[in-house]
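First the structure, then my questions, so here it is.
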Amino acid sequence: MSFDVSLSVRRGESRIAASFVTGPGATVLFGPSGIGKTSILQMVAGLLKPEAGHVWIAGETLFDAATQVDVPPERRRIGYVFQEARLFPHRRVAANLRYGMRPGAGDWDGVIAMLGIGHLLDRWPRTLSGGEARRVAIGRALLSDPRVLLLDEPLSSLDRARRGDILDALMSVRDRTGIPILMVTHDPDEAERIATAIVRL
Amino acid sequence: MLSPEEWGIVRLSLLVGGTAMLVTLPVAFGLAWLLARGRFPGKVLLDGVVHLPLVVPPVVTGWALLLLFGPAGPIGAWLAQWFGVSVLFRWTGATIAAGVMALPLVVRAIRLSIEAVDRQLEQAARTLGAGRWRVFATITLPLCAPGVLAGLVLGFARSIGEFGATITFVSNVPGETATLPLAIYSALQRPGGEAMVWRLAGVSVGLSLIALVASEWLARRMGRGLHVL
């Protein structure tokens with residue numbers, strides 16, 4: 001099992017809850033905007049504390065309300081690609097990519113070639129286009145040698161050509177690295193194309 | 001241009017202002033961090049106390065410092081007993097007065113710069129394996145550094161202009177506590193001191209202008225997400 005997740009949290013008036021068990025490949029959380037898909041990713045990553053449930057990933061307990069386990073985000077080894085790229089503005093692209101790398105881990109050349117970001121390494125994040133920033137963010141997450149990859153609307157706010165690029169990149173991540181992916185989207189086409197399993201919310 | 005005596009006054013002012021900022025920086029950063037990020041009862045009260053020197057008459061602040069650091073005051077008695085020193089009538093006392101008076105300005109600038117750091121970037125850093133300290137050192141601190149420096153430069157200018165609290169607390173001793181404003185005040189009282197007033201006032205305005213421009217430049221870099229370190 002890659003993901004065995006069951007979570008619930010109250011956000012304002014409503015309750016966000018989800019429960020799913022999936023195997024390797026790409027799991028897509030699919031549902032309309034505003035249903036709390038991002039909150040679910042944040043809970044898996046440890047950035048938002050659930051009130052109940054558990055997060056078991058690749059056989060390891062990252063959160064369990066019953067046994068009071070709550071691994072801090074920096075020790076979960078989860079690569080999180082946020083909806084906004086969230087690149088560090090005071091570090092060049094290369095330094096952003098290196099930020100999460102640990103000695104002896106992360107396939108620098110492979111990741112850079114796969115995402116086609118070699119020519120961006122000396123640039124400052126503020127000079128990147130939306131698609132470029134997105135690819136760097138994916139690379140930064142991959143280079144941190146994650147157990148799983150979380151993607152929050154990775155194709156949003158990109159034009160058609162860029163969407164194709166990123167989608168191709170994501171499919172090669174899925175097929176070549178073997179890292180399980182948990183992805184959130186509200187776009188059915190996107191969900192169909194990349195998903196190994198779809199969870200409807 | 002300036003006589004040796006006047007150079008001494010300028011040097012003393014720079015010493016007092018610079019030392020005041022060195023001492024104020026850690027205190028101001030700690031307070032600013034608490035006010036920007038802390039959640040605790042009495043936060044509003046702390047905020048108010050920090051800002052007091054900005055609104056209380058400086059003479060009152062100077063008098064309060066006198067009560068604290070005087071021979072019978074809690075800090076003054078402690079300093080005398082353990083170190084055998086007193087800050088009264090000394091440049092160290094002038095530094096304390098300058099630091100306290102500048103504190104609200106510096107805390108305010110640093111607080112704003114901490115609040116302006118995008119916490120989503122800190123979250124991103126944590127998912128990349130950085131613990132709280134590494135996040136602070138590599139993300140938060142570099143991003144708020146221009147604002148911190150801007151606050152310090154502004155505080156430095158404020159320190160150099162400090163008058164009321166200083167003269168009340170440590171008096172007007174030439175060569176020891178008589179910084180630019182106090183020396184200007186003395187020169188004004190003295191027949192024939194006009195020329196000296198003009199020169200010292202010119203230096204004061206010049207220093208303040210440089211500090212304001214530098215502070216504004218740093219704050220702009222901050223606003224554009226640039227960095228200075």
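Can you tell me how many residues in the range A:67-106 are at pLDDT 90 or above, more than 12 Å from every other protein chain (Cβ to nearest Cβ) and open to solvent by 40 Å² or more (accessible area, probe 1.4 Å)? It would help to see each step written out before you state the result.
Filtering the range A:67-106 for residues at pLDDT 90 or above gives A:67-101.
Of the ones still in play, those that are also more than 12 Å from every other protein chain (Cβ to nearest Cβ) are A:67-70, A:93-94.
Next, from what is left, pick out any that are open to solvent by 40 Å² or more (accessible area, probe 1.4 Å): A:67-70.
The number of residues fulfilling the criteria is 4.
Residue by residue through the range B:169-214, note down the ones that are among the polar types (S, T, N, Q), assigned to a loop (DSSP other than H, G, I, E, B) and within 15 Å of residue B:159 (Cα to Cα).
Kept after step one, since they are among the polar types (S, T, N, Q), are these residues of the range B:169-214: B:171-172, B:177, B:179, B:186, B:189, B:204, B:208.
Within this subset, residues satisfying the condition of being assigned to a loop (DSSP other than H, G, I, E, B) are B:171-172, B:177, B:179.
Those that are among the polar types (S, T, N, Q), assigned to a loop (DSSP other than H, G, I, E, B) and within 15 Å of residue B:159 (Cα to Cα): B:177, B:179.
For residues that are open to solvent by 20 Å² or more (accessible area, probe 1.4 Å) and more than 25 Å from residue A:74 (Cα to Cα), scanning just the range B:97-117, find the one that is farthest from the other protein chains (Cβ to nearest Cβ).
First, the residues of the range B:97-117 that are open to solvent by 20 Å² or more (accessible area, probe 1.4 Å): B:100, B:103, B:105, B:108-109, B:111-112, B:115-116.
Retained after the next criterion (residues that are more than 25 Å from residue A:74 (Cα to Cα)): B:100, B:103, B:105, B:108-109, B:111-112.
On the way: B:100: 33, B:103: 28, B:105: 25, B:108: 23, B:109: 19, B:111: 20, B:112: 18 Å.
Here the answer is B:100.
Among residues belonging to the range A:127-146 that are within 14 Å of residue A:114 (Cα to Cα) and β-branched (Val, Ile, Thr), point out the one that is nearest to the chain's Cα centre (by Cα).
Step one: filter the range A:127-146 for residues within 14 Å of residue A:114 (Cα to Cα), giving A:132, A:134-143.
Next, only the ones that are β-branched (Val, Ile, Thr) stay: A:136, A:138.
Values: A:136: 13, A:138: 8 Å.
The selected residue is A:138.
Is it fair to say residue B:199 is touching a residue at least 60 places away in the same chain (Cβ under 8 Å) and under 28 Å from residue B:37 (Cβ atoms)? Quick ask: steps written out before the conclusion?
Details: touching a residue at least 60 places away in the same chain (Cβ under 8 Å): yes; under 28 Å from residue B:37 (Cβ atoms): no.
For residue B:199, the condition - touching a residue at least 60 places away in the same chain (Cβ under 8 Å) and under 28 Å from residue B:37 (Cβ atoms) - is not met.
Could you tell me which of the residues B:109, B:32 is touching a Gly at 6+ places or on another chain (Cβ under 6 Å) and within 29 Å of residue B:137 (Cα to Cα)? Write out each step before concluding.
On the way: B:32 fails: touching a Gly at 6+ places or on another chain (Cβ under 6 Å).
Just one listed residue meets the conditions, B:109.
Sticking with this one: Any idea which of (1) small (Gly, Ala, Ser); (2) in a helix (DSSP H, G or I); (3) within 14 Å of chain A (Cβ to nearest Cβ); (4) open to solvent by 20 Å² or more (accessible area, probe 1.4 Å) is the one residue B:77 doesn't satisfy?
Here residue B:77 meets the rest and fails (3).
Taking the condition surrounded by 14 or more Cβ atoms within 10 Å (Cβ to Cβ) and away from every other protein chain (no Cβ under 14 Å), does residue A:112 pass?
Working: surrounded by 14 or more Cβ atoms within 10 Å (Cβ to Cβ): yes; away from every other protein chain (no Cβ under 14 Å): yes.
Here the answer is yes, as residue A:112 does meet what is asked.
When only residues in the range A:119-144 that are more than 13 Å from chain B (Cβ to nearest Cβ) and of a type in the set (Gly, Ala, Ser) count, which is surrounded by the most Cβ atoms within 10 Å (Cβ to Cβ)?
Applying the first criterion (more than 13 Å from chain B (Cβ to nearest Cβ)) to the range A:119-144 yields A:119-123, A:128-132, A:134-135.
Applying the additional criterion that residues be of a type in the set (Gly, Ala, Ser) yields A:129-131.
Working: A:129: 12, A:130: 15, A:131: 20.
Filtering the range A:119-144 for residues that are more than 13 Å from chain B (Cβ to nearest Cβ) and of a type in the set (Gly, Ala, Ser), the one surrounded by the most Cβ atoms within 10 Å (Cβ to Cβ) comes out as A:131.
Of the conditions (1) open to solvent by 50 Å² or more (accessible area, probe 1.4 Å); (2) away from chain A (no Cβ under 14 Å); (3) assigned to a helix (DSSP H, G or I), residue B:120 fails just one. Which one is it?
If we test residue B:120 against (1) open to solvent by 50 Å² or more (accessible area, probe 1.4 Å); (2) away from chain A (no Cβ under 14 Å); (3) assigned to a helix (DSSP H, G or I), just (2) comes out false.
May I pose another question? I'm trying to understand the selection: among the residues of the range B:104-124, which are in contact with a His (Cβ under 9 Å, 6 or more places away or on another chain) and among the hydrophobic types (A, V, I, L, M, F, W, C)?
If the condition is that a residue be in contact with a His (Cβ under 9 Å, 6 or more places away or on another chain) and among the hydrophobic types (A, V, I, L, M, F, W, C), then B:107 is the only one that fits.
Out of all the residues in the range B:123-154, which are at the interface with chain A (Cβ under 7 Å from one of its Cβ atoms), surrounded by 21 or more Cβ atoms within 10 Å (Cβ to Cβ) and touching a residue at least 24 places away in the same chain (Cβ under 8 Å)?
Scanning the range B:123-154 gives a single hit, B:143.
If you don't mind, there's one more thing I want to ask. Quick one: which helices (runs of 4 or more DSSP H) sit completely within the range A:130-201 and have at least 2 residues that are out of contact with any Asp or Glu (no Cβ under 7 Å at 6 or more places or on another chain) and in contact (Cβ under 8 Å) with a residue 60 or more places away in the chain? It would help to see each step written out before you state the result.
Details: elements: A:130-143, A:160-172, A:188-194.
Passing ranges, in order: A:130-143, A:188-194.
The values are calculated or read from the model by the stated rules, or taken from the named source; none is laboratory data. Keep in mind that what you see is a predicted model, and the values were worked out from it rather than measured. Glycine gets a Cβ as well: all are built from the backbone with ideal geometry, and neighbour counts include every protein chain shown. Areas reflect the complete protein model, heavy atoms only, side chains present, ligands, DNA and RNA absent. Shrake-Rupley method; radii C 1.70, N 1.55, O 1.52, S 1.80 Å.
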